[in-house]
Amino acid sequence: MKFLEKIIHKHEPKFAKGGKLEKWNPLFESFTTLAFTPAHVTKKGSHIRDGVDLKRTMMMVIIALIPCLLFGMYNAGHFEMVAETGNRSLPFMDMFWSKLGAGAFIVLPLVVVSYGVGLTVEFIFGLINGHSLHEGFLVSGMLIPLIMPADVPLWMVAVATVFAVVIGKEIFGGTGMNIVNVALTARAFLFFAYPTSMSGDTVWMAGKEKAVDGFTGSTAMGDLATFMGDKASVGGQAIADGADALGAFTHEYSILESIMGNIPGSIGETSVIACLIGAVILLITGVGSFRIMVSFALGGLASGFLMNAIGGNAYLDLPAYYHLVIGGFAFGAIFMATDPVTAAQTATGKIIYGFVGGMVAILIRVLNPAYPEGVMLAILFMNVMAPIIDHYVVEANVKRRLKRLKTA
Amino acid sequence: MSKSIKLRKGLDIRLVGVAEKVKSEAAFPKTVSIKPTDFHQMIPKMVVKEGEAVKAGTILFHDKYKSSVKFASPASGIIKAIVRGAKRRILEVLIETDGQQLYLSESAINVDEMSAEQVKEILLSSGLWPFVRQRPLDIIADPENEPKAIFVSAFDSSPLAPDFDFVLHGKNHEFQAGLNVISKLTTGTVHLTMNGKIGSDATFKEAKGVQLNTISGKHPAGNVGTQIHHIDPINKGEFVWTLNAQDVALIGRFFLTGKFDMRRSIALTGSEIKSPQYFEILQGANVSNLLEGQITSDNVRVISGNVLTGDKIDQDGYLGFYHNQITVIPEGDHLKFVMTKGWMGPGFDKFSNSRTFPTWMLTKKKFRLDTNTNGEERAFVVTGELDKVFPFDILPMQLVKAAITDDIDGMEKLGIYEVAPEDFALCEYVCTSKIDIQDKIREGLDLIASECM
């Protein structure tokens, strides 16, 4: 790698202060620091520094996302085939490679668009503000495609990414300063700006233009939402009044399938197993917060039990543990709620943040039929609430110190 | 009333180059230096001029604003130079030694019958006072204040730190005399806190007239700040004085012999030292003859003190006033390719408190770390990492943020009075965003000093 180093040293003066290309220094710096850890040394204080930096941390999250990405690709390919054949009970493992290929063809463009657009915006802001690329978007850029429906048009992803990076992050000052999760901002933007492309029965499977007439690609969340309305349906089949809607549901989306992930849904969210592999990576490396993940799940369970206790219709009677494995709950708990910038920052705060977040997610899911999936809104809501939670945790610490003064 | 404390938080950074327990006599230094920059916020007023002859114990300068606080020459000889920097700030006072070590006085002083005021007067006029430091602010103690307690740590837990049990072994007499002196300074308790993990030397165990505590855990267990927080925390308006164990013995020696004899044991440590060991060396001595033939590579950083809180000095620089060790580590001023040594690399050469490098599984391996920051400065992103190495009931990240934003009220509430920059040394080490936390805390303390004290 000596030759690369030589190239960098050769061109460095041009980008340095006073150089010809000074304006482009952030760009130059971004690329050189991608290839080489810079030669920055400590000055005083702690003369040695931990090996970890933000790039390494972000890389761990991306590695943790790979199982979800791969499974998401395959799943997208599978359901494209389902939509084309109109057969929802198509065997999952048949034609492995062609499904994976088809899925890659659906998912990779989304990834490319998300990264391309997002990094461009980041570079522009970097040039304006004179700083090199900050690493936050490396993760956001991967998360955005994973929380999109497979059928979302590419231009929409581009628009949403621009919105998320500019409004969600850069106007607050960039990585580390944002209030709400960037990836979820992108999704929320599409959710409210283009609801027809982000919810309903038709968006979850790619290739609907080729689909057989009358076929619906409804998801578990969509079906459950119908239970709260007048006309319950599961997998596109209307459930007659008085029939066992819950039974039909658990038949269509068995617990095993929900954990495995071979059900329709957003690209990365369906497989609980893939999410859990990611969780293990995040927890072993210490990048993700154990407190948030566990308390989020417990909050969801608590809310689920509360619904069971109220009871009354098929959705309220859905076993509490089911909530954890369908929809984006696992993905949200593991990858979204744990975003360190937007989550609560104190240890106690994280537990409260996670627990309330999990509860609210299920409450929105069950009680508000307009929003079949509540995880996104719950996490965004908790992002906004996190500073308040932290405030009270900090106040408690301050009070402890004041009390010590009084008793002393 | 002795307390024993167990800490769960902290971090021991395992570095190559622990000093072997062999003590050598170093060649007597040709020059020694007293650096006013070792004393934070102290502005010196010179008493001697260049070319003047001094003895060991002659006052060189005093604090311009607290003229009772005086600084003495550790060696006899001639003032070679008064080195000034920008705006004529005095950086160091160089003394060319004559090798004879003539002492200003040589008569023992009996403290038993003395009042606190008399003891204080002797410490101030002899130039020993700068050894006494105060919390809050971590500066030389203001002799006008009443400390509620005095804390001495009997061990140093920082990386490659000298072993006080070894250094002070057999110096019971001097150490006890020093304790007798400082216990005159307070109506409160003198706390001597020993390492709970291993039995301490008799020098400490058999110390009298003090409260003996033990603390066990990883670094910063040996930091006096940690001990104060767990034994007798500082509230607003209170003062605690602290001394280094070896300095206590030096004070004791002065009272026993009357000589301003500032020879101390230091550890020469670090991965770039051929044979790390202990040396007996004069306060402020030039280190070039210690390092001669000892440094094993070209591009090194010499640190007076430990790697977490020490000061960078030249290879012919001088030992800092409060330091008990010299550390030499490789300089890290070169690019590191991403796939081999950088952020995508396997990272078998990296030591990290996070578990993002596989080395977290190697619990015995010792590391040769350089001065590279291993990344660029960023905004705070990762949360909870500072808490893991900060065994205080204080929220480190919130306090640092308050310090960065000059939020005086916030700093007061969050506990700035209890901390010194050195308490945040590990936080600075582990910070993923590479923020100079000790600097920020120091700036916060300066603000508090000017606004609230």
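The values are calculated or read from the model by the stated rules, or taken from the named source; none is laboratory data. As the structure is a prediction and not an experimental result, all values here were calculated from the model. All Cβ positions, even for glycine, are placed from backbone atoms using ideal geometry, and neighbour counts span all protein chains on display. Protein only, heavy atoms only, side chains kept; ligands, DNA and RNA dropped before computing areas. Shrake-Rupley method; radii C 1.70, N 1.55, O 1.52, S 1.80 Å.
Couple of notes before you dig in:
- A residue that is closer than 30 Å to B:PRO346 by Cβ, open to solvent by 10 Å² or more (accessible area, probe 1.4 Å), within 14 Å of the chain's Cα centre (by Cα) and of a type in the set (A, V, I, L, M) can be found somewhere in the stretch A:293-307.
- Checklist (1) at pLDDT 90 or above; (2) in contact with an Asp or Glu (Cβ under 9 Å, 6 or more places away or on another chain) applied to B:ILE95, failing item: (2)
- Flag if B:ALA27 is at pLDDT below 90, aliphatic (A, V, I, L, M), out of contact with any helix residue (DSSP H, G or I) (no Cβ under 8 Å at 6 or more places or on another chain) and surrounded by fewer than 20 Cβ atoms within 10 Å (Cβ to Cβ): no
- Here B:GLU92 clears all of (1) within 21 Å of the chain's Cα centre (by Cα); (2) charged (D, E, K, R); (3) within 30 Å of B:GLY217 (Cβ to Cβ) except the condition numbered (3).
- Yes/no for B:LYS350 being assigned to a helix (DSSP H, G or I) and facing chain A (nearest Cβ under 8 Å): no
- Residue in the stretch B:385-400 that is more than 7 Å from chain A (Cβ to nearest Cβ), at pLDDT 85 or above, part of a helix (DSSP H, G or I) and in contact with a Phe, Trp or Tyr (Cβ under 7 Å, 6 or more places away or on another chain) present: yes
- Qualifying residue in the stretch B:196-217 (condition: under 19 Å from the mean Cα position of the chain (by Cα) and open to solvent by 20 Å² or more (accessible area, probe 1.4 Å)): no
- When residues of the stretch A:361-389 are limited to those that are touching a residue at least 40 places away in the same chain (Cβ under 8 Å) and β-branched (Val, Ile, Thr), the one most open to solvent (accessible area, probe 1.4 Å): A:VAL384
- Failed item in (1) under 20 Å from A:GLY261 (Cα atoms); (2) of a type in the set (Phe, Trp, Tyr); (3) surrounded by fewer than 24 Cβ atoms within 10 Å (Cβ to Cβ); (4) in contact with a helix residue (DSSP H, G or I) (Cβ under 6 Å, 6 or more places away or on another chain), with A:PHE329 passing the rest: (3)
- All positions within the stretch B:401-453 that are within 21 Å of A:ASP390 (Cα to Cα), basic (Lys, Arg) and facing chain A (nearest Cβ under 9 Å): B:LYS413
- Screening A:SER132 with (1) open to solvent by less than 10 Å² (accessible area, probe 1.4 Å); (2) free of Cβ contacts under 8 Å to residues at least 24 places away in the same chain gives one miss only, at (2).
- Complete set of residues in the stretch B:6-26 that are farther than 23 Å from B:VAL167 by Cβ and not in a loop (DSSP other than H, G, I, E, B): B:LYS6
Residue-by-condition table, conditions (1) within 14 Å of chain A (Cβ to nearest Cβ); (2) at pLDDT 90 or above:
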| position | (1), (2) |
| --- | --- |
| B:ARG263 | no, no |
| B:TYR278 | no, yes |
| B:LEU291 | no, no |
| B:SER297 | no, no |
| B:ARG301 | yes, yes |
| B:GLN315 | no, no |
| B:HIS323 | yes, yes |
| B:HIS334 | yes, no |
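- The stretch B:262-302, residues that are under 11 Å from B:ILE329 (Cα atoms), surrounded by 22 or more Cβ atoms within 10 Å (Cβ to Cβ) and not small (Gly, Ala, Ser): B:THR269, B:GLU272, B:ILE273, B:ARG301, B:VAL302
- Residue count for the stretch B:62-81 under the criterion of being touching a residue at least 24 places away in the same chain (Cβ under 8 Å), of a type outside the set (Ser, Thr, Tyr) and open to solvent by 30 Å² or more (accessible area, probe 1.4 Å): the result is 4.
- Scanning the stretch A:11-36 for residues that are of a type outside the set (A, V, I, L, M, F, W, C), touching a residue at least 40 places away in the same chain (Cβ under 8 Å) and away from every other protein chain (no Cβ under 13 Å) yields A:LYS23, A:ASN25.
- Any helices (runs of 4 or more DSSP H) falling wholly within the stretch A:143-222 and containing at least 1 residues that are open to solvent by less than 20 Å² (accessible area, probe 1.4 Å) and at pLDDT 90 or above: A:154-163, A:182-193
- Test: residue in the stretch A:107-121 that is open to solvent by less than 50 Å² (accessible area, probe 1.4 Å), of a type in the set (Ser, Thr, Tyr) and part of a helix (DSSP H, G or I): yes
- Which numbered condition B:GLY305 fails, given (1) within 13 Å of another protein chain (Cβ to nearest Cβ); (2) open to solvent by less than 10 Å² (accessible area, probe 1.4 Å); (3) touching a residue at least 60 places away in the same chain (Cβ under 8 Å): (3)
- Only one of the listed residues (A:ALA337, A:ALA333) is among the small types (Gly, Ala, Ser) and within 14 Å of another protein chain (Cβ to nearest Cβ). That residue is A:ALA337.
- Test: residue in the stretch A:37-57 that is more than 7 Å from every other protein chain (Cβ to nearest Cβ), touching a residue at least 60 places away in the same chain (Cβ under 8 Å) and surrounded by 14 or more Cβ atoms within 10 Å (Cβ to Cβ): no
- Strands (runs of 3 or more DSSP E) fully within the stretch B:32-116 counting 2 or more residues that are farther than 18 Å from B:LEU250 by Cα and acidic (Asp, Glu): B:90-97
- Of all residues making up the stretch B:392-409, the number that are open to solvent by 10 Å² or more (accessible area, probe 1.4 Å) and either of a type in the set (Gly, Ala, Ser) or under 22 Å from the mean Cα position of the chain (by Cα) (or both): 1
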